[in-house]
1. Pulled fully out, how much extra length does the chain show between E107 and E49, if you take 0.36 nm times their separation in residues and subtract their Cα-Cα distance?
2. At 1.4 Å probe size, with every protein chain present, just tell me what the per residue accessible area of segment 193-332 comes to in Å².
3. I want to check the label-to-label distance for A289 and Q146. Put each point 7 Å from Cα in the C-beta direction and report it in nm to one decimal.
4. Regarding the chain, what is the average projected area of its C-alpha convex hull, in nm²?
5. If I fit a long axis through the Cα atoms of helix 204-214 and take the longest principal axis of the Cα atoms of the chain, what angle between them do I get, 0 to 90°, rounded to 10?
6. Can you pull out the GluC sites (Glu not before Pro) in segment 195-234 whose DSSP state is coil and whose Cβ has at most 12 other Cβ atoms within 10 Å?
7. What do you get for Rg/Rh over segment 1-109 if you use C-alpha atoms and the Kirkwood form of Rh?
8. Report the calculated FRET efficiency for R72 and T193 (r = Cβ-Cβ distance, R0 = 25 Å), to the nearest 0.05.
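The values are calculated or read from the model by the stated rules, or taken from the named source; none is laboratory data. Remember, predicted model here, so these are calculated numbers, not experimental data. Glycine also receives a Cβ, built like all others from the backbone with ideal geometry; neighbour counts cover every protein chain displayed. Heavy atoms of the whole protein, side chains included, go into the accessibility calculation; ligands, DNA and RNA do not. Shrake-Rupley method; radii C 1.70, N 1.55, O 1.52, S 1.80 Å.
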Amino acid sequence: MSRSDDWRVIAAAIAQEPELVVTGHVIPDGDCIGSMVALYLGLAVLGKEVVAVIEDKLPETYRYLKGFNSIRRPEMVERWPATVIYLDCSDPERVGVKTLSCLKNCETVINIDHHPSNTFFGNLNRVEPGKASTAELVLELLDEMQVPIDQSIASAIYTGIIMDTGCFQYSNTRPETLRAAARMLDQGAQLDTIRNNLFESRPVVEVKLLQQALNTLSFASDGRIAWMVLTYEDIARLEAQDYHFEGLINYARFIEGVEVGLLFREIEPGVIKVGFRSKEKVDVNSIAARFGGGGHLRAAGARLEGDIADACHRVIEAVKEVVTDCRDVRGS
């Protein structure tokens, strides 16, 4: 396995650059956006000129973060700095075709991530699968660069942490995760604002998506596998965007007795995105890898092509093989 570079080396490389690009993955989630905003604000404190880029439309849910409006689409960038920092990306392709094309001439690539499937694609890499979130890694980098953590940075980092730990419910939550979160609260993270925007102001379309998905809820392996299906027609009818699906898969995983929850959604005709979540026993990262995907031990994704019914069958059969071997999943 490749080794991560020391923070001192990465901080020194950043210190030499007056201009940098900071980017994250398509279909950005809370950890991606929180990490990007925190690093953007921190680098600005150091007097850096920062171009923050995400290829997809950003979820309005995160508009409360200072720096959110500074994140641009690739077509809005006139000049690209020679150094790029990838955040929360297991491989460079995760930033999207347009952004990757614009970054191809960058001289220095810094890769900061917590996915076990990371390919160590940078000139400098800091990859720690043991971290619950990339936001925690950004905090460590800011500390190394001696950036003071103000309320805006603290709110962004806290957002990344809580979204990638499921509000500290997921098994990736470690003592150091809680210590980092507590420190952000000490530094003024706006808990009420974060809670209201992330959990108490859901768009109507998300509720309708949940309603449609639950209508398709199915089970296998004596209730240890649960899945939901959203067709391209379902999604188009509700005019849903990619970011409206964040957290939807958990409604399958939440069910008593379920070990693996799945969400199949047809993002375009004949192209199916599959989300995998597990509770305790199943490594869904390894299952997703069989279909060209990846992620974490308990959360992963993959992309398949073809008929959605066939895709469901293939993936469920693969999950059945693994779940059958976990005979003590339900305490037996």
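1. Using 0.36 nm per residue and subtracting the Cα-Cα distance, I get 19.2 nm.
2. Each residue of segment 193-332 exposes 49 Å² on average to a 1.4 Å probe.
3. Computed distance between label sites A289 and Q146 equals 4.2 nm.
4. Averaged projected area of the chain's Cα convex hull equals 16.5 nm².
5. 40
6. On the way: sites: E200, E206, E233; in loops: E200.
Of the GluC sites (Glu not before Pro), the ones in loops of segment 195-234 whose Cβ has at most 12 other Cβ atoms within 10 Å are E200.
7. On the way: Rg = 13.3 Å, Rh = 14.2 Å.
Using Cα coordinates only, the ratio equals 0.94.
8. Calculated value: 0.60.
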